[in-house]
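For reference, the structure is listed below as structure tokens.
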Amino acid sequence: MSGKLRRFPGGLHLDGHKTESTQCAVQRARLPRRLILPLHQHIGAEAKSVVMAGERVLKGQMIARAEGYVSAPVHAPSSGTVVEIGDRPVPHPSGLSAPCIVIETDGTEQWCERHPVQDYITQDPSHLRNLIREAGIVGLGGAGFPSFIKLNPLGKTVDTLILNAAECEPYITCDDMLMRERAAEIIHGIQIMRHALHAAHCIIGIEDNKPEARAALVRALQELHIDGIQVTQVPTRYPAGGEKQLIHVLTGKEVPSNGLPVHIGIVCHNVATAAAIYRAVQHGEPLISRYVTVTGSGVPEPRNLEVLFGTPMAELLEQCGADPASVERLVMGGPMMGFGVHMPGVPVVKTTNCLLADRHLPAAPAAMPCIRCGACAEACPANLLPQQLYWHAHAGEFDKAQNYNLFDCIECGCCAAVCPSHIPLVQYYRYAKGEIWTREREKQKADVARERHEFRLARLAQDKAEREARHAQKKAELAGKTAPHETTSH
Amino acid sequence: MQTSSSPHLHSAAPVSSVMLRVIYALIPGVIAYIGVFGWGVAVNVVFASIVALASEAVTLAVRGRPIKPFLFDGSALVTAFLLALSLPPFAPWWITLIGTAFAIVVAKQLYGGLGFNPFNPAMAGYVVLLISFPREMTQWLAPETVSGHALSFVEAARVIFNGALPPGLTLDAVSAATPLDTLKTRLHLGETVETARRASPVFGSLGGLGWEWINGLFLLGGLWMIYKKIITWHIPLALLGGLFVMSLVFHLYNSGAYVAPVFHLFSGAAMLGAFFIATDPVSACTTPRGKLYYGAGVGILTYIIRTWGGYPDGIAFSVLLMNMAVPLIDHYTQPRVFGHKD
Ligand code: SF4
Ligand code: SF4
């Protein structure tokens, strides 16, 4: 591994606003009376409930199982009684409701039976992957992709395992605090990942605005006498924590468009995921809680909390001194890529890394026409021409937007943040992508329908042919009877 | 609760403040301009600004567009400044009126307003004037130090609006062809660069007399804009580079017939064109590589028009010609998208 760092194109220097929420140690959030657990907290198929209303559940008990390969189970974050299974508002940009299991907690925090694996080194990687899958672990950096899938090299050689500790979005500090407080757990988790992947090298990539976290990692590595894990600082520049950007900075390699990191011998996981894997394997604890940053101008006491999934966001705001009713905007995630939730009563889910609550927001500036200044293109880390994407998306010319590589857009928001015309560019890209997907689905449906139709026509034709053949045969038979000298064998 | 789409953070200064900073950057050059050619320059700028804002307001109203955000986006003011600074300092008022109104109403608003004009409005207005009123447009003043007559603001306004010079002064006494024009005429008459420069008082040590200061200060304002990230370096560098290389090649080939590069860089609208006119984002290329081709094209064409063309300065025509090539250049200079092979 050469120590030379590369530079990704574009990007922005943003005000970090990180110190606000790193002043005090992480506290446990209060146990809420009710936990609301959406069945869909990850990328992939919705989990399927395995409990009934009225059933008593224990902390850590699986309450919904994974459905299909790309999916993740859900566990009870605390002991109590299932009081309802049904649609509830969930944190989603659409503001729609989705199926949830509601648990009324009993305050005893009684655990289910756990099965810790003390010596992971002797375990078969596939067994470990299964444990991790059963523990419901998904990428905690924000995407929520089931982690066991990314721990399966699928016959490819994994040269480098990269741990994403960049945490490049402003305001978010949950990974920072986790590294400061639980560095050893992260390192153990990384060791399990290395074992599962047979990765030759391992780099933890961390932005250089987190010296305490870096020091904690280095100290933990020394104390645990672990070699082969390199902690590398990368310059603080948004979006250095984008998977493709971090890989490029650390290794100089570019993930091919339409490709996955594993295609160039790299696997990338978030540090918080590593810690969760450690708890799952060595303590037998499924994923039921995480660190969440609660911050923003509407939060008098910004901080990080360790939160059970299903806890309503409003309760966290209250615990940090904020009045949920006075919050004008509540964003889940960071200011660049997060989305506004529609009500503070929605629950924290596996992908909730940060709550950004603001009040007294200035009026959003009105959008002006694009003046083609090119500031967006300069800021784009994917080297796209955002103004052209916008032009075509705006005009509804989605195929042209696709020709300008719309699908290489990572929706980082750099372009919109620097646009002097304040055009909500990313909104247009999401819209265009959505339209293209819809059309493709419809085309597929149409293809299926056409195939069915053709199949039906073919069958009808066949039926007809058979009928005619039978008919002819009968005729021939009849003819045979009248003319017995002719052979009827045809 | 508000649920606007991400990003929720906007660091960008709005269009209006970008345009305002372009005006700030022009000010040193404008002061030099006034210092050299008198208050007529200021009268033109003020009058053009009023005409531009009025035409913008009227057209927006007719087009049924919201007036306030677009009137105060500052773009009309920038157009007015650029056009006024390209006009002869004593151009009669109706010249400014026609040029500015054409720039705003036809070249900008009829194409769809801010962001949609394929041609640089100020230069479109300038070229229309140059073609329609060649006599008025080429009647330039001699620097005040040469003519020895300094007119007050009111006197200058009177010349522009009434055509009345102060008593005892004739137009011949104060006017002179521009240095670029003078040089071209004299070279045509068979003189060499050397003798021409010595024979006429309108030349300075670098470029045209006084023009050196004007260009120098526009250069300074332009560098400030690059520093403030209002423009990028690509277009100015490529434009000046194109002009420099062309003039250097010909100067080295025959220094008697082709004047030295510095003269070109410090005469006429070279710096104004490089930093303020050709960089108009709406009508220029937007890809980094495209900006280089675009700028170089303007520079090279400017040299050609200055040297062999029928018009005194070539910036306006070159900018308009390159405006036409923008879609093509942009198309062929798309950057390599991250994760794609070349
Ligand atoms: S930053 Fe905005 S105004 Fe400038 S080119 Fe991009 S989209 Fe257009
Ligand atoms: S949101 Fe897309 S187009 Fe905009 S800067 Fe990010 S990657 Fe580029």
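The values are calculated or read from the model by the stated rules, or taken from the named source; none is laboratory data. Since the structure is predicted, the reported quantities are computational estimates derived from the model, not experimental observations. As a convention, Cβ positions derive from the backbone with ideal geometry for all residues, glycine included, and neighbour counts pool all protein chains shown. Just so you know, the surface numbers come from the protein's heavy atoms only, side chains and all, with ligands and any DNA or RNA stripped out. Shrake-Rupley method; radii C 1.70, N 1.55, O 1.52, S 1.80 Å.
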Exactly which trypsin sites (Lys or Arg not before Pro) in the range A:405-440 are in a DSSP loop and have at most 11 other Cβ atoms within 10 Å? none
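Compute the orientation-averaged projected area for the range B:15-175 from the convex hull of its Cα atoms and round it to one decimal in nm². Mind dumping the intermediate values first?
On the way: hull surface 37.2 nm².
So the Cα hull casts an average projection of 9.3 nm².
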Cα-Cα over 30 Å: which of A:LYS445/B:LYS341; A:LYS59/A:LYS210; A:LYS210/B:LYS341; A:LYS150/A:LYS253; A:LYS253/B:LYS228? A:LYS445/B:LYS341; A:LYS59/A:LYS210; A:LYS210/B:LYS341; A:LYS253/B:LYS228
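Suppose we keep just the DSSP beta bridges with both residues in the protein assembly as shown; what percent of those would be antiparallel, to 5? Walk me through the numbers before you get to the answer.
On the way: 37 of 61 bridges.
Roughly 60 percent of the DSSP beta bridges within the protein assembly as shown come out antiparallel.
Would you work out if the range A:140-197 is rounded, prolate or oblate? Take a ≥ b ≥ c from the square roots of the eigenvalues of the alpha-carbon gyration tensor; rounded if a/c is under 1.5, else prolate when a/b is larger than b/c, oblate otherwise.
Working: a/c = 2.42, a/b = 1.63, b/c = 1.49.
Taking the square roots of the gyration eigenvalues as a ≥ b ≥ c, the range A:140-197 is prolate.
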In nm, give the distance between the simple-model label positions of A:GLU306 and B:LYS228, each being 7 Å from the Cα along the Cα-to-Cβ direction. 5.2
Name the residues of the range B:285-330 whose accessible area, probed at 1.4 Å, falls by at least 50 Å² once all protein chains are in place instead of their chain on its own? B:THR286
In Å³ and rounded to a whole number, note down the convex hull volume per residue for the Cα atoms of the range B:177-334. 98
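Starting from the alpha-carbon convex hull of chain B, give the projected area averaged over all orientations, in nm².
Values: hull surface 82.4 nm².
Averaged projected hull area, Cα only: 20.6 nm².
Kindly provide the trypsin sites (Lys or Arg not before Pro) of the range A:1-41 that DSSP labels as loop, not H, G, I, E or B, and whose Cβ sees at most 16 other Cβ atoms within 10 Å.
Values: sites: A:LYS4, A:ARG6, A:ARG7, A:LYS18, A:ARG28, A:ARG30, A:ARG33, A:ARG34; in loops: A:LYS4, A:ARG6, A:ARG7, A:LYS18, A:ARG30, A:ARG33.
Listed in order of number, the matching sites are A:LYS4, A:ARG6, A:ARG7, A:ARG30, A:ARG33.
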Under a Cβ-Cβ cut-off of 15 Å, what is the net charge of the residues other than B:GLY29 that fall near it, where Lys and Arg count +1 and Asp and Glu count -1? 0
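Arranged from highest to lowest average of other beta-carbon atoms within 10 Å per residue, in what order do the peptides B:176-186, A:169-179 appear?
Details: B:176-186: 20.9, A:169-179: 26.4.
Highest mean packing first, the order is A:169-179, B:176-186.
Quick one: pull the percent of accessible area on the protein assembly as shown belonging to carbon and sulfur, 1.4 Å probe, ligands and nucleic acids left out. Mind showing how you got there, number by number?
On the way: 21110 of 36020 Å².
Ligands and nucleic acids excluded, carbon and sulfur give 59 percent.
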What's the long-distance tail for chain A, i.e. % of Cα pairs beyond 33 Å? 45
Report the paramagnetic label zone for A:ARG56: residues of the range A:92-127 whose backbone N is under 17 Å from a point 7 Å from Cα along the Cα-to-Cβ axis. A:103-113
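So, with +1 on the Cβ of K and R and -1 on the Cβ of D and E, and no other charges, what is the size of the charge dipole of the range B:167-215 about its Cα centre, to the nearest 20 debye? Don't skip to the answer; put the middle values down first.
Values: 4 positive and 5 negative charges, 15 e Å.
Dipole about the Cα centre, nearest 20: 80 debye.
Find out how many positive minus negative residues lie around B:ALA52, taking Lys and Arg as positive, Asp and Glu as negative, among other residues whose Cβ is under 14 Å from that of B:ALA52.
Values: positive: B:LYS108; negative: B:GLU56, B:ASP73.
It works out to a net charge of -1.
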Judged on accessible area alone, 1.4 Å probe, highest first, B:TRP224, B:TRP211 line up as B:TRP224, B:TRP211
How much area per residue is accessible in chain A when the probe is 1.4 Å and only protein heavy atoms are counted (Å²)? 44
Give me the net charge for the shell around B:LEU220: Cβ to Cβ below 13 angstrom, other residues only, Lys and Arg +1, Asp and Glu -1. 0
Which parts of the range B:1-23, residue by residue, lose 50 Å² or more of accessible area when the rest of the protein chains are there, as against the chain isolated (1.4 Å probe)? B:MET1, B:GLN2, B:THR3, B:SER5, B:SER6, B:PRO7, B:HIS8, B:LEU9, B:HIS10, B:ALA12, B:VAL15
Sorted by packing (mean other beta-carbon atoms within 10 Å per residue), highest first, where do B:274-281, A:400-407, B:51-58 land? B:274-281, B:51-58, A:400-407
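How long are the semi-axes of the ellipsoid equivalent to the protein assembly as shown, from square roots of 5 times the Cα gyration tensor eigenvalues, in whole Å, largest first?
Working from the Cα gyration tensor, I get semi-axes of 66, 37, 27 Å.
Assuming R0 = 30 Å, can you tell me the calculated FRET efficiency for the pair B:ALA61 and A:SER326, based on Cβ-Cβ distance, to the nearest 0.05?
Efficiency computed from Cβ-Cβ geometry: 0.10.
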Note down the nm distance, to one decimal, between modelled labels 7 Å out along Cα→Cβ at A:HIS453 and at A:ALA472. 3.0
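Which number do you get for Rg(Cα) / (2.2 N^0.38 Å) in the range A:369-477?
For the range A:369-477, the normalised Cα radius of gyration is 1.97.
Could you give the size of the charge dipole of the range A:168-263 about its Cα centre, using +1 on the Cβ of each K and R and -1 on the Cβ of each D and E, expressed in debye and rounded to the nearest 20? Write out the running numbers ahead of the final one.
Details: 9 positive and 12 negative charges, 36 e Å.
Using only the charged Cβ atoms, the result is roughly 180 debye.
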Starting from the amide H of A:ARG303, placed 1.01 Å from N in the peptide plane, find each other amide H under 5 Å away whose residue is 5 or more places distant or on another chain. A:VAL294
Are there any GluC sites (Glu not before Pro) in the range A:63-133 that are in a DSSP loop and have at most 13 other Cβ atoms within 10 Å? List them by number. A:GLU113
Between the modelled labels at A:LEU460 and A:GLN427 (7 Å from Cα along Cα→Cβ) the distance in nm is 4.9
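What is the interface area between chains B and A, defined as buried accessible area summed over both chains with a 1.4 Å probe, reported in Å² to the nearest 100? Write down the numbers at each step before the final one.
Values: alone 16330 and 23660 Å², together 36020 Å².
It comes to approximately 4000 Å² buried between B and A.
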So, taking all protein chains as they sit and a 1.4 Å probe, how much accessible area belongs to A:CYS415, in Å² rounded to tens? 10
Interface residues of the range A:314-336, defined as losing at least 50 Å² of accessible area versus the chain alone with a 1.4 Å probe, are A:ARG329, A:PRO335
Stick to the Cα atoms of the range A:1-140, pair each with every other, and give me the Kirkwood hydrodynamic radius in Å at one decimal. 18.2
Of A:VAL138, A:ALA458, A:ALA401, farthest towards positive along the dipole that unit charges on Lys, Arg, Asp, Glu beta carbons give the protein assembly as shown: A:ALA458
